[in-house]
Amino acid sequence: MATVEVTTQNFEEVVSNNNVVLIDFWAEWCGPCRVFGPVYEKVSGAHPDVVFGKVDTEAQQELAASFNIMSIPTLMIIREGVVLYSQAGALPEKALVDVVDQALKIDMVEVHRQLAEAGAGAAND
């Protein structure tokens, strides 16, 4: 699947309508972003079950700010509405494939259980 542009207007729809969403926060002027872009695009083609989105931090400053993006490129993985991974820096292809594969293997039933327990614990404080 080709990458999709993610904006403030379509973010909720993209995340809620797809099980796994990778988001590349980038900008045109960013050298490492331009190097990472083709790698990101290539890996997206090998994972048709995953949405690979791109957020232009210059055009979508509010969206980038809502995730406290301080450095680009930043890669984020959201699965079933939960941010599983967020890290700045361009990854080589092999590392990106590995991160995607790891995200797909995570037991989301367990993640949601732990989040529910943490929320219940916070409510009782």
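Laboratory data are not the source of any read-out in this text; all were calculated from the coordinates shown. The model shown is predicted, which means the values in this text are computed figures rather than measured ones. When we count neighbours, we look across all protein chains shown, and the Cβ atoms used for this are built from the backbone with ideal geometry, even at glycine.
Inspect all residues belonging to region 77-84 and state whether any of them is in contact with a Cys (Cβ under 9 Å, 6 or more places away or on another chain), under 20 Å from Gly45 (Cβ atoms) and either of a type outside the set (S, T, N, Q) or loosely packed, with under 13 Cβ neighbours inside 10 Å (or both). No, that holds for no residue. When region 58-88 is limited to residues that are under 9 Å from the mean Cα position of the chain (by Cα) and hydroxyl-bearing (Ser, Thr, Tyr), the one that is farthest from Gly119 (Cα to Cα) turns out to be Thr74. Within region 6-19, the presence of at least one residue that is surrounded by 12 or more Cβ atoms within 10 Å (Cβ to Cβ) and touching a Lys or Arg at 6+ places or on another chain (Cβ under 8 Å) is confirmed. Could you say whether any residue in region 102-117 is touching a residue at least 40 places away in the same chain (Cβ under 8 Å) and over 18 Å from Glu5 (Cβ atoms)? For region 102-117, residues touching a residue at least 40 places away in the same chain (Cβ under 8 Å) and over 18 Å from Glu5 (Cβ atoms): present.
I'd like to check something: does region 49-59 contain any residue that is free of Cβ contacts under 8 Å to residues at least 12 places away in the same chain, under 19 Å from Gln87 (Cα atoms), surrounded by 12 or more Cβ atoms within 10 Å (Cβ to Cβ) and among the basic types (Lys, Arg)?
Looking only at region 49-59, we keep the residues that are free of Cβ contacts under 8 Å to residues at least 12 places away in the same chain, and these are none.
Taking every residue of region 49-59 in turn, none turns out to be free of Cβ contacts under 8 Å to residues at least 12 places away in the same chain, under 19 Å from Gln87 (Cα atoms), surrounded by 12 or more Cβ atoms within 10 Å (Cβ to Cβ) and among the basic types (Lys, Arg).
Pairs linking a residue in region 80-99 that is at negative phi to a residue that is in a loop (DSSP other than H, G, I, E, B) and surrounded by fewer than 15 Cβ atoms within 10 Å (Cβ to Cβ), with Cβ atoms under 7 Å and 6 or more positions apart or on different chains, are Ala88/Ser71.
Determine whether Glu117 is surrounded by 15 or more Cβ atoms within 10 Å (Cβ to Cβ) and either among the acidic types (Asp, Glu) or farther than 21 Å from Cys30 by Cα (or both).
Values: surrounded by 15 or more Cβ atoms within 10 Å (Cβ to Cβ): no; either among the acidic types (Asp, Glu) or farther than 21 Å from Cys30 by Cα (or both): yes.
Considered against the rule, which asks whether it is surrounded by 15 or more Cβ atoms within 10 Å (Cβ to Cβ) and either among the acidic types (Asp, Glu) or farther than 21 Å from Cys30 by Cα (or both), Glu117 comes out as no.
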